[in-house]
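Undergrad: Dropping the structure in here first, questions after.
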Amino acid sequence: MLYLMTRWLDPEEQRTWRTFLAATQALMETLDRELQQDANMPHAYYVILVHLSEAPDRRLRMSELAARVGSSRSRLSHAVGRLEQFGWVRREDCPTDRRGQLAVLTDQGFDELVAAAPGHVEGVRRHLFDPLSPAQIDQLRRISEALVDHLDPKRPAS
């Protein structure tokens, strides 16, 4: 009975869905590979460093950072542990909550981010924006905003 009630994708929707999956996976794999080659840094670490660099005093509660990067707390804790080993991030106790911890971007971590950013931005430009017309870029932004609004209304799209 459930099979009969399922709103199956028509051929055009199926084509769109599979193309969307292939495009997003290929883009993220390409950006990750380039960051690994150019900066010896996985994309996930780059995203963590970016969020910390944009935070006041380059520090965020671990729970807030996990929410911003779309990660579980345990996965984020592991990543921050690796970043601590590199000297790029340090943890501090939260002054307002003894149970909480802050992730803090170190000067060395900021320098690594600054060194990695130009190549990464060029990759984003080359692989995402250059193949699209200005109208397609506008459409992509509006489509992405609609999806974020639907899927996670509390998360800002930008």
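The values are calculated or read from the model by the stated rules, or taken from the named source; none is laboratory data. Only a predicted model underlies this, so the values are computations on that prediction, with no experimental measurement involved. Heads up, the Cβs are rebuilt from the backbone with ideal geometry, glycines too, and the neighbour counts pull from every protein chain shown.
Undergrad: Sort out which residues of the stretch 136-158 are in a helix (DSSP H, G or I) and either of a type in the set (G, A, S) or at pLDDT 95 or above (or both), and write them in order of number.
TA: Taking the stretch 136-158 and keeping what is in a helix (DSSP H, G or I), we get 136-151.
Within the stretch 136-158, Q136, I137, D138, Q139, L140, R141, R142, I143, S144, A146 qualify.
Undergrad: Taking T6 and the conditions (1) more than 28 Å from K154 (Cα to Cα); (2) β-branched (V, I, T); (3) within 18 Å of the chain's Cα centre (by Cα), which numbered condition does it fall short on, given that it satisfies the others?
TA: Of (1) more than 28 Å from K154 (Cα to Cα); (2) β-branched (V, I, T); (3) within 18 Å of the chain's Cα centre (by Cα), only one is false for T6: (3).
Undergrad: For the stretch 106-158, give me each residue that is under 30 Å from R90 (Cα atoms) and hydroxyl-bearing (S, T, Y).
TA: Within the stretch 106-158, T106, S158 meet the criteria.
Undergrad: Follow-up question, since we're still on this one. Within the stretch 28-37, identify whether any single residue is surrounded by 11 or more Cβ atoms within 10 Å (Cβ to Cβ) and over 18 Å from the mean Cα position of the chain (by Cα), and answer yes or no.
TA: The answer is no, given that none of the residues of the stretch 28-37 is surrounded by 11 or more Cβ atoms within 10 Å (Cβ to Cβ) and over 18 Å from the mean Cα position of the chain (by Cα).
Undergrad: Shifting gears a bit: Considering the stretch 1-27 alone, what residues qualify as being more than 26 Å from R125 (Cα to Cα) and either in contact with a Ser or Thr (Cβ under 6 Å, 6 or more places away or on another chain) or surrounded by 10 or more Cβ atoms within 10 Å (Cβ to Cβ) (or both)?
TA: Answer for the stretch 1-27, where residues must be more than 26 Å from R125 (Cα to Cα) and either in contact with a Ser or Thr (Cβ under 6 Å, 6 or more places away or on another chain) or surrounded by 10 or more Cβ atoms within 10 Å (Cβ to Cβ) (or both): L9, E13, Q14.
Undergrad: Shifting gears a bit: Of the residues G70, G81, G87, G100, only one is touching a helix residue (DSSP H, G or I) at 6+ places or on another chain (Cβ under 6 Å) and either basic (K, R) or surrounded by fewer than 18 Cβ atoms within 10 Å (Cβ to Cβ) (or both); which?
TA: Every option except G87 fails the conditions.
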